[in-house]
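Read-outs throughout are calculated quantities, based only on the coordinates presented, and are distinct from any laboratory measurement. Fair warning: this is a prediction, and the values are worked out from it, not measured in the lab. So basically every Cβ, Gly included, is an ideal-geometry build from the backbone, and we count neighbours across all protein chains shown.
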Amino acid sequence: MDIVLSGIRSTGNLHLGNYFGALRNFVKMQHEHKCYFFIADYHSLTTHPTPENLRDNVKQVIVEYLAAGLDPDVATIYRQSDLPETAELYLLLNMNAYLGELERCTSFKDKIRTQPENVNAGLLTYPVLMAADILIHKSTKVPVGKDQEQHLEMTRNFANRFNRLYKVDYFPEPHPFNFGDSLIKIPGLDGTGKMGKSDGNGLYLADEPDVIRKKVMKAVTDSGPVNPNQEMPESVKNLFTIMQIISKKDTHSFFLEHYNNCTIRYGDMKKQLAEDIINYLEPIRNKITDLSANDEYLQKVLKRGAEKARESAAKTVKEVRNIIGFKPI
Ligand code: TRP
């Protein structure tokens, strides 16, 4: 059994792409491994959110993850800033992280380009804080997207460097958690790439039915097939892909047949697809509504999560302090 840690960005609502991508796998994974899920609210400070935004974002993230099926009785779900141990390990790991490697990190170089007015030390040491998150539980597996693989590699470097420096075999090497074929890619509604890749191409778990209807009706298509069995343009293929995942089999084959004999009416297809998505998301949307109105429950979940997470975090920090030489004199 692995110790699996997932760090969750505390910005942005979850869309269908997130749901069929990592999220559904998280829900499964929590029963198969010792799982920690935490909301990376310290990390979000690199962009200077207002206190209200910070609080609202954390709440929205916890609500949506719980609504999608993360179970606080099974996994440990907590907020990064509820673990002071992480901050201490971050401090200690910083002594062993070199300016050159931090400056070479791709995400840091991107930030220098995209927000030159706010290149703070937190951005530079972002990978060190992420390493602290991971190593605090001696995690062995971390589900990460492509954009986070370099950070995970840096974490392995920091872990190995610590072990070498102190001649111990203390930190295990964390590796990417691979979902294999179970990652379903949901395309966007604008005829290009993945959902969430560009603004306005996503359907969000919290979207009201009318919003979903409007978005789906506006999805990009073409003027329709003229020859039987004509190759579909990307935009239409995307709608069929979503339909295949969400709708009944018969529905999908019905519209496919009409496409292939050139009698398809995209308006009808979109209407059907919108209703199927609305039905599919209804239980999640209802949970989001209920949880959003129940701060007391959310506080309880986070309190329990922090208590559970701090058990393992406190143990690690104690051992690390001892290894480094902070011991009674
Ligand atoms: N950097 C991650 C992201 O942007 C979030 C994150 C913070 C994280 N700490 C982590 C992910 C530790 C995995 C493990 O998505």
Exercise for review: Please sort 40-52, 73-85 by packing, taking for each peptide the average over its residues of neighbouring beta carbons within 10 angstrom, highest first.
Suggested key: 73-85, 40-52
Practice item. Report relative contact order for region 152-277 in percent, whole number only (criteria: Cα-Cα under 8 Å, sequence separation at least 6). Key: 22 percent
Point to revise | Low-density loop cleavage sites - GluC sites (Glu not before Pro) in region 211-309, where at most 10 other Cβ are within 10 Å (DSSP) | key: GLU231
**Study point:** Dipole axis of the chain (+1 Lys, Arg; -1 Asp, Glu on Cβ), positive-most option in HIS137, TYR42, LEU273
**Key:** HIS137
Point to revise | DSSP-loop trypsin sites (Lys or Arg not before Pro) across region 142-172, with at most 12 other Cβ within 10 angstrom | key: LYS167
Study note, to complete from the structure: Full extension between ASN118 and ALA293 adds, at 0.36 nm per residue less the Cα distance, a length in nm of 59.5 nm
Check your understanding: chymotrypsin sites (Phe, Trp or Tyr not before Pro), restricted to region 121-198: which are DSSP loop and have at most 16 other Cβ atoms within 10 Å?
Key -> TYR166, TYR170, PHE179
Check your understanding: What base-10 log of the normalised intensity I(q)/I(0) is obtained for region 43-150 from the Debye formula, alpha carbons as equal point scatterers, at q = 0.11, 0.22 Å⁻¹?
Key -> -0.42, -1.46
Review point. Looking at region 171-228 from every direction and averaging, what is the projected area of its Cα convex hull in nm²?
Key: 7.7 nm²
Study note, to complete from the structure: Using the Kirkwood radius over Cα pairs of the chain, the Stokes-Einstein translational diffusion coefficient at 20 °C and 1.002 mPa s, in µm²/s and rounded to a whole number, is 98 µm²/s
**Study point:** region 103-159: relative contact order in percent, alpha carbon pairs under 8 Å with at least 6 residues between
**Key:** 41 percent
**Study point:** Value of relative contact order over the chain, rounded to a whole percent, pairs C-alpha under 8 Å and six or more apart
**Key:** 23 percent
Point to revise | With Cα atoms, 0 to 90° folded angle of helix 84-94 axis to the chain main axis | key: 70 degrees
Practice item. State the extension gain, in nm to one decimal, for the chain segment bounded by LYS218 and LYS185, taking 0.36 nm per residue of separation less the distance between their alpha-carbons. Key: 9.8 nm
